[in-house]
């Protein structure tokens with residue numbers, strides 16, 4: 001059966017690329033996502049018997065498409081989770097990016113978005129259809145695998161963070177359930 005390629009946000013370990021940062025509460029996107037993938041998401045996929053492969057950008061973001069393509073086999077899908085940030089602390093919500101024109105990617109994005117919004121109860125910022133030249137496009141639109149990038153919440157919004165940190169297990173289960181439903185359709 002096909003596998004799920006999980007792509008760590010900002011490499012998962014690269015100290016030079018923390019991603020979005022909320023200094024007030026000392027949270028770095030890279031560290032939050034690494035913990036979420038390692039402790040919750042990987043375990044949730046394993047519990048459902050779904051094979052996963054983890055990919056970390058190395059040495060930088062500009063090779064991420066090649067790294068994902070290296071482990072891709074027809075039928076695989078790729079998922080990356082990130083945290084959004086804004087200079088406006090009241091910015092809130094969840095959004096999911098998919099490659100423009102990818103029917104398969106859009107279908108997966110809709111399912112993941114719906115499940116995450118249901119769990120977190122944050123504003124539904126919707127789906128974003130992107131090209132390779134857009135933010136996240138090297139991964140989302142530059143890989144062979146249908147790929148989505150879920151912006152789980154705004155790390156710059158402490159209320160978003162508080163909701164999400166307490167619901168990591170539920171977020172992971174929601175993503176896995178979306179993948180199960182995606183494969184059934």
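The values are calculated or read from the model by the stated rules, or taken from the named source; none is laboratory data. Keep in mind the model is a prediction, meaning the values are calculated, not measured. Positions of Cβ are generated from backbone atoms using ideal geometry, with glycine treated the same way; all protein chains shown enter the neighbour counts.
Being part of a loop (DSSP other than H, G, I, E, B) and in contact with a helix residue (DSSP H, G or I) (Cβ under 6 Å, 6 or more places away or on another chain) is the filter; apply it to segment 130-143 and report the residue that is modelled with the lowest pLDDT. Spell out the reasoning first.
Residues of segment 130-143 that are part of a loop (DSSP other than H, G, I, E, B), as a first pass: 131-136, 141-143.
Of the ones still in play, those that are also in contact with a helix residue (DSSP H, G or I) (Cβ under 6 Å, 6 or more places away or on another chain) are 131, 142-143.
Numbers: 131: 94, 142: 90, 143: 93.
Selected residue: 142.
Do we find a residue being without any contact (Cβ under 8 Å) to a residue 24 or more places away in the chain and surrounded by 14 or more Cβ atoms within 10 Å (Cβ to Cβ) anywhere in segment 2-22? Break it down into steps so the answer makes sense when it comes.
Within segment 2-22, the subset without any contact (Cβ under 8 Å) to a residue 24 or more places away in the chain is 15-16, 18.
Imposing the further condition that a residue be surrounded by 14 or more Cβ atoms within 10 Å (Cβ to Cβ) reduces the set to 18.
There is at least one residue in segment 2-22 that is without any contact (Cβ under 8 Å) to a residue 24 or more places away in the chain and surrounded by 14 or more Cβ atoms within 10 Å (Cβ to Cβ).
Taking the criterion of being touching a strand residue (DSSP E or B) at 6+ places or on another chain (Cβ under 9 Å) and either in a loop (DSSP other than H, G, I, E, B) or closer than 13 Å to residue 32 by Cβ (or both), the residues of segment 164-185 that qualify are 164, 165, 171.
Of the residues making up segment 38-64, those that are on the phi < 0 side of the Ramachandran plot, at pLDDT 95 or above and in a loop (DSSP other than H, G, I, E, B) are 48, 50, 51. In segment 91-105, what residues are within 13 Å of the chain's Cα centre (by Cα) and either under 11 Å from residue 151 (Cβ atoms) or surrounded by fewer than 18 Cβ atoms within 10 Å (Cβ to Cβ) (or both)? Result: 94, 95, 96, 97. Being assigned to a loop (DSSP other than H, G, I, E, B), closer than 19 Å to residue 183 by Cβ and in contact (Cβ under 8 Å) with a residue 60 or more places away in the chain is true of residue 74.
Yes/no matrix, rows are residues, columns are (1) surrounded by fewer than 21 Cβ atoms within 10 Å (Cβ to Cβ); (2) free of Cβ contacts under 8 Å to residues at least 60 places away in the same chain; (3) touching a helix residue (DSSP H, G or I) at 6+ places or on another chain (Cβ under 7 Å); (4) closer than 22 Å to residue 161 by Cα:
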residue	(1), (2), (3), (4)
42	yes, yes, no, yes
56	yes, yes, yes, no
66	yes, yes, no, no
70	yes, yes, no, no
107	yes, no, yes, no
115	no, no, yes, yes
128	yes, yes, no, yes
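Taking the criterion of being surrounded by fewer than 17 Cβ atoms within 10 Å (Cβ to Cβ) and either without any contact (Cβ under 8 Å) to a residue 24 or more places away in the chain or over 30 Å from residue 66 (Cβ atoms) (or both), the residues of segment 143-162 that qualify are 158, 159, 162. Considering only segment 81-104, state which residues are out of contact with any helix residue (DSSP H, G or I) (no Cβ under 6 Å at 6 or more places or on another chain) and within 23 Å of residue 154 (Cβ to Cβ). Of everything in segment 81-104, those that are out of contact with any helix residue (DSSP H, G or I) (no Cβ under 6 Å at 6 or more places or on another chain) and within 23 Å of residue 154 (Cβ to Cβ) turn out to be 84, 85, 86, 87, 88, 89, 90, 91, 93, 95.
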